[in-house]
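Engineer: My questions all concern the structure below.
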Amino acid sequence: MTRAPSTSDATERQRGERAVAGEPAKVLPPSPAARAAVSPASSPAVARAAAPTDRLHFLEALVGVAGAINATLELDKVLQLLVDKAADLLQVPAASVMLVDEKGEVRVRASRGLTAAYVESQRQPLEQSVAGRALAEGRIFAAWDVRKSPEFGAAAAATQEGISSVACAPMLFGGKPVGALNLYCRDPHCFTDDQFHVLSLLAAQGAVAITNARLYRDSRTQAGEVRASFQRVGTALASSLDRTEILQLIVQLAVEMTRAEGGAVFMLADEREGGGMILSGSRGLYRPAVKRFRRMPLSPLAERAFAERRVIAVPDTRRYPNIAFPALHLSGEGTDVSHETRSVVCVPIVAGGRPVGVLEQYAREPGRFGREEIQLLSSFALQAAVAIENARLYAQEHNVAQTLQRAFLPELPDTVDSFQIGRIYAPANEMSSVGGDTYDLFPVSEGRIAAVIADVCGKGAAAATIAVLAKYTIRAYALEDPDPARVVARINDALVPQTDDSTFLTLCYALFDPASRRVTIANAAHPPVLLWRRADGRCRPVGPQGGMIAGFRPGETYPSESVAVEPGDVLVFYTDGVIEARKRKAMFQAKALQSVIEKNAGGSAQDIAAAIYAAVVDFTSGNLSDDIALLVLKAK
């Protein structure tokens, strides 16, 4: 695994200041003092490139964060939760939220890891603050060393506080300033591109949650209804990352919030779908209207809402006889019954700084949507936009992850000439899809069959990349010379330049010879293969045990051992996620695994694999702490 290159102080002094945000960041002209203190966030010395499943992990975590900060409408609780979640998720020692008050000043309203004296020193006029600059320009500002960056001010206070690096993310609601979400680090140059990316999403979530809390505070006469609506909206929208699910949920929640008779959401289609706008979710519409409006151009009113990014309300549709509006269908009525739409409100959905769709609400009565409903829908649309953007980013990263998964988990047949085959791969986190566990089975020369199981220390894309590299390198070496001891020794030498001190691989490689009915095994610190013998009904470990991990030190040798395999015998290859599965302080352990194999050895190879997995899941009550890979071979 490659390491980030170091950068000399002279090179650092040549770098300028950069603003980073959820939207593409712009490079700011650096001041002379800032040149020595601030460098671009994408600099190799400062940040690493984002791996697909690293961002996938952050997006999954953001679902929980969004649910937490939207689960309350008490402003102080929202602010402290946002600070705590930001510090925990982004692993920084300190964080704060600044809000803009009625006097046009910014001040810290919630913090973690900061002294009261430093918090008080950060109160200043909006136009003189870094938060004000971030809000004015809609992007993150970062100082890699606040002592050398006059733009961040209060250098003496920061030095006394022990702060070196600061990142300030603007929180905007409908283009208006709400405040700023700040991260603090004790070391210079400590933020990564991933942290900036997630910080921008957290700031967007925070701006919506804060505005919702303020709206609730200012509308106490409708407190019960507003609280129920926004709590449900925040929790519901944070419960899924599936785009289709999210869009249908948006329509449903909007209709329930405004008590409209119908609603629809139209989303901008990509070029593969023919472009234009597509009806992507609806509720309460007459079925023929759904079919008609699915590919129908937007109404001129909806087009205006989309293009101008503002709410368009129609008190009475009969004033627009040349515009078609969908008919409504009430629940419980016959399928052929429809009602005229008399009131419409069109709300643009803006995600990532660009319009992506229009949310429409329909009612049978003229003048149905007043100022309060429109205000609620405007706030809801901003919250919905964050959920849509998260779903889009998740889908993008998840597609990459699935491609990677297909590369390291082969499609195996149920049988080969000499064996039935059973296999299971289960990630500890079902949404992650990829990890460092892998297995393989393939033919080599003279009718022999090679089997491999491996486990990379780590999770996500980095571990999966090493697993893929190991898998195909083993295949290449085995096709040249399938001898287990030589294959494992060669893969060890090949991996040493590709890994660092914290990354290593355990693996077990076996070669089965149908002619002699013997299997030869070499092991690099992987849990031993288990052999259940039909003759005595007992399960035991076979082959070498222990050995040096692969990829740590070149020139290692790996002994091999050979055992006979008779018809009906069962070989089980597994990763440590099986025997180290935990229930509180207890572990599943090898004896429990052997017992499961002995009880289920009469079934097919896949039945045995399924029984092992079910036993582990039952033992842990479904809370897997590590990925699991199983490869079961039952001799014929």
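Engineer: Any idea which residue in the stretch 84-98 is surrounded by the most Cβ atoms within 10 Å (Cβ to Cβ), counting only those that are more than 18 Å from the chain's Cα centre (by Cα) and touching a residue at least 60 places away in the same chain (Cβ under 8 Å)?
Structural biologist: MET98
Engineer: When you look at ILE608, is it buried (at least 17 other Cβ atoms within 10 Å of the Cβ) and in contact with a Cys (Cβ under 6 Å, 6 or more places away or on another chain), yes or no?
Structural biologist: No, not satisfied.
Engineer: When the stretch 324-337 is examined, which residues are found to be assigned to a loop (DSSP other than H, G, I, E, B), open to solvent by less than 90 Å² (accessible area, probe 1.4 Å) and either in contact with a Lys or Arg (Cβ under 9 Å, 6 or more places away or on another chain) or closer than 26 Å to ARG354 by Cα (or both)?
Structural biologist: ALA324, PHE325, PRO326, HIS329, LEU330
Engineer: A further question on this structure: Output the strands (runs of 3 or more DSSP E) that fall wholly within the stretch 433-529 and possess 1 or more residues being among the acidic types (Asp, Glu), within 20 Å of GLU411 (Cβ to Cβ) and touching a Ser or Thr at 6+ places or on another chain (Cβ under 8 Å), or say none.
Structural biologist: In the stretch 433-529, the matching strands (runs of 3 or more DSSP E) lie at 435-443.
Engineer: Going through the stretch 614-636 one residue at a time, which ones are open to solvent by 70 Å² or more (accessible area, probe 1.4 Å) and either over 18 Å from ARG582 (Cβ atoms) or in a helix (DSSP H, G or I) (or both)?
Structural biologist: ASP618, LYS636
Engineer: Can you tell me which residue among VAL166, VAL119 is in a helix (DSSP H, G or I), open to solvent by less than 40 Å² (accessible area, probe 1.4 Å), without any contact (Cβ under 8 Å) to a residue 60 or more places away in the chain and in contact with a strand residue (DSSP E or B) (Cβ under 6 Å, 6 or more places away or on another chain)?
Structural biologist: Just one listed residue meets the conditions, VAL119.
Engineer: A further question follows. Within the stretch 68-78, restricting attention to residues that are open to solvent by less than 20 Å² (accessible area, probe 1.4 Å) and closer than 13 Å to LEU202 by Cβ, which residue is farthest from the chain's Cα centre (by Cα)?
Structural biologist: Ranking the candidates gives VAL78 first.
Engineer: Return only the number of the condition from (1) surrounded by fewer than 19 Cβ atoms within 10 Å (Cβ to Cβ); (2) modelled with pLDDT of 95 or more that PRO554 does not satisfy.
Structural biologist: So PRO554 meets the others, but not (2).
Engineer: If ARG371 meets every condition in (1) without any contact (Cβ under 8 Å) to a residue 24 or more places away in the chain; (2) open to solvent by less than 40 Å² (accessible area, probe 1.4 Å) apart from one, which number is that one?
Structural biologist: (2)
Engineer: Would you point out the residue of the stretch 471-493, among those that are under 16 Å from PRO554 (Cβ atoms) and free of Cβ contacts under 8 Å to residues at least 40 places away in the same chain, that is most open to solvent (accessible area, probe 1.4 Å)?
Structural biologist: Among those residues, the one meeting the criterion is ARG486.
Engineer: Out of curiosity, is LEU81 free of Cβ contacts under 8 Å to residues at least 24 places away in the same chain and surrounded by fewer than 22 Cβ atoms within 10 Å (Cβ to Cβ)?
Structural biologist: yes
Engineer: Given the criterion assigned to a loop (DSSP other than H, G, I, E, B), out of contact with any Cys (no Cβ under 8 Å at 6 or more places or on another chain) and open to solvent by less than 40 Å² (accessible area, probe 1.4 Å), identify the matching residue among LEU199, LEU114, LEU135.
Structural biologist: Going through LEU199, LEU114, LEU135 in turn, the sole match is LEU114.
Engineer: Hey, another quick one. What pairs come out if I take residues in the stretch 537-552 that are under 16 Å from THR575 (Cβ atoms) and pair them with residues that are part of a strand (DSSP E or B) and open to solvent by 50 Å² or more (accessible area, probe 1.4 Å) whose C-beta lies under 6 Å away, six or more apart or interchain?
Structural biologist: As it stands, the answer is GLY543/GLU561, since those pairs meet every condition given.
Engineer: Something else about it: Look through GLU598, GLU561, GLU566 and report the one residue that is part of a strand (DSSP E or B) and charged (D, E, K, R).
Structural biologist: GLU561
The values are calculated or read from the model by the stated rules, or taken from the named source; none is laboratory data. Please read all numbers here as calculations on a predicted model, not as lab measurements. Here Cβ is always computed from backbone atoms with ideal geometry, including for glycine, and neighbour counts include all displayed protein chains. What goes into the accessible areas is simple: the full protein's heavy atoms, side chains included, and nothing from ligands, DNA or RNA. Shrake-Rupley method; radii C 1.70, N 1.55, O 1.52, S 1.80 Å.
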